[in-house]
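Presented below is the structure to which this report refers.
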Amino acid sequence: MGIWDVITELVEAAAPWSTADAEAPAEVPEETKAEEPEEEAEEDEEEEEEEEEPVDPKETLEEECKNSKECAPAKHHFDECVERVTNAQENGGTKEDCVEEFFHLAHCASQCAAPKLWSILK
Amino acid sequence: MLARSCLRSARAFAGLRNGAVHVSKRAASSSSSGANAESPLRLNIAAAAATAVAASSIAWYYHLYGPTADAATPAEEGLHPTKYPWVHQQWFKTFDHQALRRGFQVYREVCASCHSLSRVPYRALVGTILTLDEAKALAEENEYDSEPNEQGEIEKRPGKLSDYLPAPYKNEEAARFANNGALPPDLSLIVKGRHGGCDYIFSLLTGYPDEPPAGAQVGAGLNFNPYFPGTGIAMARVLFDGLVDYEDGTPATTSQMAKDVTEFLNWAAEPEMDDRKRMGMKVLVVTSVLFALSVWVKRYKWAWLKSRKIVYDPPKTPNTPPRL
């Protein structure tokens, strides 16, 4: 042990805070192990209930945003474009696509959903 | 020669303005007398003209070179990702290591089948994502080349903490062959290597629409993703709700998994971030202490100068009449 170790140990002993090292959790004694299965079973049930239908909050939020007043112009243009292009495709080919309109709508929706989404996600 | 011809033309202009009668006189007189005769109106016109020329030359320049021409449609450019309020990107925040652990799980169970993470060794995971024992166990699951033995043969040995995470393919050609010619990029530095960083990765993973918008051309073997430049990406949507079973019971929705894995990839790209921010904090603390010290020292050193008083004591000479 060098002189430096002595000094660091002294400093660590004197310091009012302590450092936390992530060690492996200690072996659980058998007494607590016996209790665990019940808890786990309960947790499993809860998890299963939750995971039966994990709905992606991003999709629902963005759907709400698309229909909100904020994105009404973008949605209007996109819907109109889709209608126009599908009609044109039925009547013979067209070179137009709705990618740009889709971009504007998606940008508006994700912009509007971003803060709400982050408040939900862990 | 040039100066003389200029002078001559100036004279000609002067002659035009002042009338032909004075021409001979002006030509005979010196140039200084000519300057004296100049009216303020002429000077004003000259200044205004010079300003107009200067302004219009700037306007001309910007007309020629100002606007940059982009030969790309919005689809070729790709949709710019939305800015998300990442907590770990704030100045005084660290990575959420619980999220890193979840993100590593997502990487291992989902991404690792195609993407390598070649610059991350197992030892980097210790203490940040896994415990020592977990990292050792994980390393031992894979085999690595050992040192040549006595016959010069290279045998396989279980992995150690100093080994790097194994790649899913032997080389680029194998990766391309397995993926229809598309190369899954290495993810070690992907967050630093893409415009938009975390926002881009998150948007790309969650941004696959159910179906491409009407009229969009999607190439064979490609998928439509608005965030990918060109919108045609070889990677299909991989994250689906409930794909991963998180050990801490977090609901594994698509966006949750995307968020976790993005934060993990950000950690992989800059594992020094937590330390860097701590170092920055130390710098702020030390410099603020030194600044406070210097203010006090300055007060001390300047005290004699600031507290001195200069007094004029006029000589006492009574009975002298005041000067006028």
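The values are calculated or read from the model by the stated rules, or taken from the named source; none is laboratory data. Just so we're clear, the structure is a prediction, and the values are computed from it rather than from any experiment. Virtual Cβ from ideal backbone geometry, glycine too; neighbours counted across all protein chains shown.
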Residues that are of a type in the set (Gly, Ala, Ser) and surrounded by 15 or more Cβ atoms within 10 Å (Cβ to Cβ): does the stretch B:148-158 have at least one?
no
Qualifying positions in the stretch B:67-91 - more than 30 Å from residue B:216 (Cβ to Cβ) and exposed (fewer than 10 other Cβ atoms within 10 Å of the Cβ):
B:91
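Matching residues to (1) surrounded by 15 or more Cβ atoms within 10 Å (Cβ to Cβ); (2) among the hydrophobic types (A, V, I, L, M, F, W, C); (3) more than 14 Å from chain A (Cβ to nearest Cβ):
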{"site": "B:227", "(1), (2), (3)": "yes, no, no"}
{"site": "B:239", "(1), (2), (3)": "yes, yes, no"}
{"site": "B:256", "(1), (2), (3)": "yes, no, no"}
{"site": "B:280", "(1), (2), (3)": "no, no, yes"}
{"site": "B:290", "(1), (2), (3)": "no, yes, yes"}
Could you please give the count of residues in the stretch B:131-146 that are more than 13 Å from every other protein chain (Cβ to nearest Cβ) and either outside any helix (DSSP H, G or I) or loosely packed, with under 14 Cβ neighbours inside 10 Å (or both)?
6
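Residues to consider are B:112, B:182; find the one that is assigned to a helix (DSSP H, G or I) and either more than 28 Å from residue B:222 (Cβ to Cβ) or of a type outside the set (Asp, Glu) (or both).
Result: B:112 is the single residue among B:112, B:182 that is assigned to a helix (DSSP H, G or I) and either more than 28 Å from residue B:222 (Cβ to Cβ) or of a type outside the set (Asp, Glu) (or both).
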Among the residues listed as B:311, B:244, B:286, the single one being assigned to a helix (DSSP H, G or I) and among the aliphatic types (A, V, I, L, M)
B:286
So residue B:188 fits all but one of (1) within 12 Å of chain A (Cβ to nearest Cβ); (2) in contact with a Leu (Cβ under 6 Å, 6 or more places away or on another chain); what number is the exception?
(1)
Residue under evaluation residue B:148, criteria (1) in contact with a strand residue (DSSP E or B) (Cβ under 8 Å, 6 or more places away or on another chain); (2) within 24 Å of residue B:268 (Cα to Cα), criterion not met:
(2)
So which residues in the stretch A:79-122 are within 34 Å of the chain's Cα centre (by Cα), assigned to a loop (DSSP other than H, G, I, E, B) and under 22 Å from residue B:225 (Cβ atoms), if there are any at all?
A:97, A:98, A:121
The stretch B:216-241, residues that are under 18 Å from residue B:179 (Cβ atoms), part of a loop (DSSP other than H, G, I, E, B) and of a type outside the set (A, V, I, L, M):
B:219, B:221, B:225, B:228, B:230, B:237
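Of the residues B:113, B:118, which single one is touching a Phe, Trp or Tyr at 6+ places or on another chain (Cβ under 9 Å) and over 16 Å from residue B:273 (Cα atoms)?
B:118
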Could we say that residue B:174 is over 30 Å from residue A:87 (Cα atoms) and part of a helix (DSSP H, G or I) here?
yes
Does residue B:124 qualify as being in a helix (DSSP H, G or I), in contact with a helix residue (DSSP H, G or I) (Cβ under 7 Å, 6 or more places away or on another chain) and either among the aromatic types (Phe, Trp, Tyr) or in contact (Cβ under 8 Å) with a residue 24 or more places away in the chain (or both)?
no
So residue B:205 fits all but one of (1) more than 26 Å from the chain's Cα centre (by Cα); (2) free of Cβ contacts under 8 Å to residues at least 60 places away in the same chain; (3) at negative phi; what number is the exception?
(1)
Among residues belonging to the stretch B:49-80 that are assigned to a loop (DSSP other than H, G, I, E, B) and within 8 Å of another protein chain (Cβ to nearest Cβ), point out the one that is farthest from residue A:113 (Cα to Cα).
B:73
Going residue by residue through the stretch A:45-68, is there one that turns out to be at pLDDT 85 or above, among the charged types (D, E, K, R) and surrounded by fewer than 12 Cβ atoms within 10 Å (Cβ to Cβ)?
no
Top-ranked residue of the stretch B:251-270 - restricted to ones that are hydroxyl-bearing (Ser, Thr, Tyr) and closer than 19 Å to residue A:61 by Cα, ranked as farthest from the chain's Cα centre (by Cα):
B:253
Scanning the stretch B:191-213 for residues that are at the interface with another protein chain (Cβ under 9 Å from one of its Cβ atoms), buried (at least 22 other Cβ atoms within 10 Å of the Cβ) and either under 30 Å from residue A:91 (Cα atoms) or among the β-branched types (Val, Ile, Thr) (or both) gives B:206, B:213
